[in-house]
Amino acid sequence: MQRLPSTGSDLITAIAAALAVGAVAAFAATGITFRDATDVAVHPATMAVLLCLVTIPLIRWAVSGDSVLFRIVLGGVAAKCLGTYLRFTLTGDGDNNAYHRAGSKIAGWLSDDFVLPGNLPESFGDTGTDWLSYMLGWLYYFTGPNRVTAYVVFTFLSFVGALFFYRAAVSAVPELDRHRYALLLFYLPSLLFWPSTIGKEAWMIFFLGLAALGGSLLVQHHLSVWHLGAALAGIAMAARIRPHMAALMVVALVVTSLWPWGSQGRRGQQIFITVLGFAVMAIAMGQVAEYFNADRVELNTVLDFTQDRTAGGDSQFTPIRITGPRNLVQGTVSVIFRPSLIEASSTLQVLGSIESLAMMALAAQSWKRIRRVPRLFFTNAYVRFSVTFTMGFVVAFSVISNFGILTRQRAQLWPILLVLFALAPANATGSGTQAKDEDTAGGTDDTTDAVPASITT
């Protein structure tokens, strides 16, 4: 592995990338015009430069000093800028604008007096919507109500969340083709576009990524305060927005942690993690029941509620609801690879259908990698987690009857599912695979400790 230089060209690259991101933010803020641009552009451009400079050391940490991976991920920053600009120009009057108006109001209330999220003078939607608006209000309280600034911050959150997912996978799966996974994770159009706005997707990817990072070591039974804290914080903050996704993350981690351990010396850690996992699961299920206005969580009731709630609109379609093994394959294909070209009825749906077609081709091309999953399921905890989370997501989202909601919220699945598409073939060797990273050799990960939508869904 070619190591990164510590100074010189790396610093120049970082500064150049930061300035480029700042320029994109300034252009977005001013509508690509320099007339009366100073006041409008200065806040988002400054924020973009600062956050990009913060991102550089995070990238170095995530790639463990690999210079090739550093360039791949840094290129992902530029791609993310393009995705953010397209998201702003193509969907700038959507839900993000509603969040912007709500956050501006809340910032005004915070300027007058301290307000808790439960004491807001008015509601802006469901509990998750109110919470996200409240956090946006605090951002505007410090920076002023600039929508492009908020775009920059939420884009930063989604990108760092992707870094968390990347670090979790490469630390836990020695059989992973790291270069392939990085290319898929940081250049997939859905991940470049959908979370790059003021909205729930960016928040969820950040905190689900944090939970996956902490959980990746916990399910390998390496208990530490950092990993436990990361997993719990990620799950708790994801539950504030979408408790059903947080519950799915908990269920996948608990199921994975129940697997028998090879080391008798860590049986006590397994028991502790499993008991704690069931306790967190009970709390998460309670939040899910509250979210769906039910006395308790019953799968059919929740799925019926979701299907009814997502019906309607120009993007409505007839879903293939998974009811058992009989239609499991058909339902899985529907969730992961729709819409098709003949089902698309808008420009964004056409683009989404092209990506779906490309993902089908990728799955076929990755067959030699995917066929390793059954064996690795029994030997690698993170692969078990990826399979469990994916199957839970597919079952839960098989009732979604709106292409817009499905394609947008599927961004929460890709960072986990893509691990299965990026396993190295059984006979592969070379720098793209991680035979055993020195950071995780012996079962520890010291470097990790160095790092301190629809508006109604």
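Read-outs: derived from the displayed coordinates by stated rules, not from any lab. The structure displayed is predicted, hence computed values, not measured ones. Because the Cβ atoms are built from the backbone with ideal geometry, glycine has one as well, and the counts that use them run over all protein chains shown.
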Whole-Hz Karplus couplings 3J(HN,Hα) for region 210-219, θ = phi - 60° and coefficients 6.51, -1.76, 1.60, Gly and Pro as x, run 5, 5, 5, 5, x, x, 4, 8, 5, 6
In order over region 369-386: 3J(HN,Hα) from phi, Karplus 6.51/-1.76/1.60, θ = phi - 60°, whole Hz, x for each Gly or Pro, gives 7, 5, 5, 7, 4, x, 6, 5, 4, 8, 10, 10, 5, 6, 5, 4, 4, 4
Exposure proxy check on LEU228, LEU248, LEU357, LEU208: fewest-to-most Cβ neighbours within 10 Å is LEU357, LEU228, LEU248, LEU208
The long-range amide H neighbours of LEU423, using H built 1.01 Å from N in the peptide plane and a cut-off of under 5 Å, are ASP177
So for R0 = 41 Å, FRET eff. of GLU122-ALA79 from the Cβ-Cβ r, to 0.05, ends up at 0.60
Once amide hydrogens are built 1.01 Å from N within the peptide plane, the residues lying 5 or more places from ASN402 or on another chain with amide H under 5 Å from its amide H are PHE317
In nm, the gap between the two label points placed 7 Å beyond Cα toward Cβ at LEU86 and ASP113 is 4.7 nm
Rounded to the nearest 0.05, FRET efficiency between SER224 and SER346 (Cβ-Cβ, R0 41 Å) equals 0.30
Per-residue Cβ contact counts at 10 Å, fewest first, order MET359, MET249, MET391 as MET391, MET359, MET249
Proxy exposure order for GLU201, GLU122 (fewest C-beta within 10 Å first) is GLU122, GLU201
Diffing region 240-249: the Karplus 3J(HN,Hα) column from phi (6.51, -1.76, 1.60, θ = phi - 60°), in whole Hz with x for Gly and Pro, holds 5, 9, 9, x, 5, 6, 5, 5, 4, 4
Between ALA279 and GLN316, the FRET efficiency computed from the C-beta separation at R0 = 56 Å comes out, to the nearest 0.05, as 0.90
